[in-house]
1. With labels modelled as points extended 7 Å from the Cα through the Cβ direction, what inter-label distance (nm, one decimal) is found for Glu321 paired with Asp223?
2. For Asn417, enumerate residues with amide H under 5 Å from its amide H, sequence gap 5+ or separate chain, H modeled in the peptide plane.
3. Kindly state, to the nearest 0.05, the FRET efficiency for Val664 paired with Thr350, given R0 = 30 Å and r defined as their beta-carbon distance.
4. What net charge do the residues around Phe359 carry, taking every other residue with its C-beta under 13 Å from that of Phe359, with Lys and Arg at +1 and Asp and Glu at -1?
5. Using 7 Å Cα-to-Cβ label points, what is the Val87/Lys729 separation (nm, one decimal)?
6. Would you mind calculating the relative contact order of the chain from Cα pairs under 8 angstrom and at least 6 residues apart, reporting the percent as a whole number?
7. For Glu256 and Lys428 in the same chain, what is the full-extension length gain: residue separation times 0.36 nm, less their Cα-Cα distance, in nm?
8. Which shape class, rounded, prolate or oblate, goes with the chain when its Cα gyration tensor gives a ≥ b ≥ c as root eigenvalues, a/c under 1.5 marks rounded, and past that a/b bigger than b/c marks prolate?
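The values are calculated or read from the model by the stated rules, or taken from the named source; none is laboratory data. Because the structure is a prediction, the values reported are computed rather than measured. Ideal geometry is used to build each Cβ from the backbone, glycine not excepted, and the neighbour counts take in all protein chains shown. For the accessible areas, the whole protein counts, side chains as well, though only heavy atoms, and no ligand, DNA or RNA atoms are used. Shrake-Rupley method; radii C 1.70, N 1.55, O 1.52, S 1.80 Å.
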Amino acid sequence: MEYNLKNLAKLIALNRRNFIKLIVGGAVGINMTPLPWKFTDDIAIWTQNWPWVPVPPVGEFSHINSVCTMCPGGCGVRVRKVGNRAVKIEGRTDYPVNPGGLCPLGEGGLQLLYNENIRVTGPMKRVGPRGSGKFMPISWEEALRELSGRIGDLRKKKSPEALAAIDGHPARSSMSLLIQRLLQAVGSPNYFRIPSVEDTYSMLNLLMQGTDGPVAYDLENSDFVLSFGCGLIEGWGAPGRMINAWRLWRSGPIKERPTIVQIEARASNTASKADQWLAPRPGTEAALALGLAHVIVRENLYDRDFVDNQAFGFRDRDTLEGKKQIGFKSLVLEKYSPGIVASITGLSSTSIVSLAKSFARAKAPIALCGKGKGDLNGSLFEFMAVQSLNALVGNINQPGGVLVHEPLPLSPWPDVNMDAVARDGFRKTRLDQAAGKRFPFSRSLINNLPEAIMDSSKSPVDTLLIFSANPAHNLSDAGSFRNALRKIPFLVSFSPYRDETSLMADLILPDHTHLEKTDDIVWPTGLQYPLYGLSQPVIEPLYDTRHSGDVIIQLARKSDTGVASSFPWENFEASLKDRAKGLYESGRGLTRYDESSPIWKRLSGRSPGAPDYKSFDEMWEKLKSGGLWYVPTHNFGNRGDLFRTPTGKFEFFSTKINQVVEEVSERGLGIGVLGDEAVLPHYEVPASRTDKQKYPLLMIPYELINLSSGWLPNPPYLNKTLFDDQLRKETSFAEINPETAKTYRLRQGDRVIIQSPKGELVVRVNLFEGAMPEVVFLPMGFGHTAYDAFQKDKGVNPFDIIDGGKDPLSGQMIWWDNWVRLEKA
């Protein structure tokens, strides 16, 4: 299915209702709230029914600048206060990430702060059956004593690996490192992360570039943006930045505007506003990327200088052992012709050829990968295929392209002091099999944890710590995870909210909310220049909560000497300050931003000169008050020592994958092809376990910018932005193409049962021309069984019936390959 703007105008009539949808989807980049006009129609009347809505007292007006840490985007926020009460959150114009822009969730943060109905107001201990929600308040001293005693008992039994942690913080954050440090000091390798697109980005950079730095896209300077499913105005990356970027792309003379092409099976807001929308069959995006590569190579449109001098594995070669090694060029020319790719994707060969030529002939084209907001992982070989397009056109480390960076120059903490018990426990095999022979490049595979627990007569996890995560609701195959949680003897939640996982816990040690604490953002997702963000409390904690970083340090101090010695800091802020010393010692960076000179305009300019501070203490105080340290320049064109792969070049042919294939075999790594193809970007049909005769339809979850789909609850006022074909009373809707609905004799609003091998959900039908036929689309963020009346029992959770397999090589959950059937309710 292919659509240009004229096709799309017919598909989506621009009536008031759909206009509001587009406003919610991204505000077309204007520097004002992206909340729809419908919300403002009757907000005054509606909110009178909320007993917990804060009524500001009479007092002095003030403003506090901070950084939003509700997602890895790290947008700058300005909080308005009346007396001691915060009354408004808006985007900062003096913060380079998001000049004035802010997403609906960020603007609604006050409702998560003040809503006592969803907050955990102090440490709690379970007194009823697990999941009953029956708790009794206890003191912090009692809570820490019980948990430290339990951890101490595991070490005395020489079973420290029975302690595990689930972490939802961004991977590079100080909180994430601190949690890992605690487990290492105790002696457990069982640290698990909530999956996100960052996991796949990290593997991509390692395998093709040999770097550990973040993915960085110079989007504002690109003239052709080819997005493989990224929700550019649904919350991908730093939402405030993308709102502003979209405004830039859509301003100025039409002939000078960048071309935006969205590759996606559903007419999302991004697809609806793009210049061109192509809808391949879900899961075939890698084949499409390689089909584009075929045309670029066949037509000699690729960058010969980059390919010949900076890349490895493009052409066939003879190894030192005399073996002929197939290159990327031969693979795409032989297996990914437009005709072959058209049969795989359902697109026309003409559109594939046209798109490839337009992309290659642009001055600064860029190809992006990562579905929706980036809350979910991607497919490794798909990401490699998309990144190959950027290499073919030579737009790596060039203006408007993919920029290669080292990690931020943060100081490392002292090495962990590990005693004999810790060393023995830490050497044991991880329960999720990550970083082992089977999944050598994955750092965490939480989707393997339920199986490891349920297949054992006794749970191998005795005590599970859960930070900034709600795995009982937000993980694929959530039902299996809930069953595994029930089998673990002791669960400890550090959530500030009464979420599904907290209600299953034995102990709740509630964290502050993001507006009550100091935390860091280590390089916002996708940003093209180095930036370190630091939030600050805008209000004193409302309840008897504590910063989870402080709790970890206090917990370590109550443990035996072997653990306590690895935590020398007085509090979490002191540990942040320790890391920040590296920023000062780098001899560069600024802590103030001039909004009249956007960074994307001066990236290729001369150095900004000396830092705007003379001592570390001065830098730290400026960092705390302004919330940022950044470097506003980039060394474009430098490719001499850019890549840190074994060959020192960008690798189409991954030598790291080749090495493990020789040791383990393709089948042992879950790769479905053999030989040299297995180490090159390629397309594989997912090895589904589902009987497609019995379950003939695909089910794909999707995200909305005005609905929290991560671990955070949704601000109640955003319910007003949902339409009656998304949520009607307690029932959410599935988007189904009219052709598919006709096959099942379904009409608009009909109740329907969606069944998979994992279970069934009851929804209503929303007939939507923008939904691909034979695919059912379900929104993420509904189906909660916790929180308050505004969220509990509203709609269904698509993760409850997901039965995806494992992504080849990475081992991550394939959440986009779920087969279901429909039955009229």
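1. Result for the modelled spin labels: 4.7 nm.
2. Under 5 Å from the amide H of Asn417: Ser566.
3. 0.10
4. -1
5. Once both label points are built, they end up 3.9 nm from each other.
6. 18 percent
7. Roughly 56.1 nm would be gained on extension.
8. Since a/c stays below 1.5, the shape of the chain is classed as rounded.
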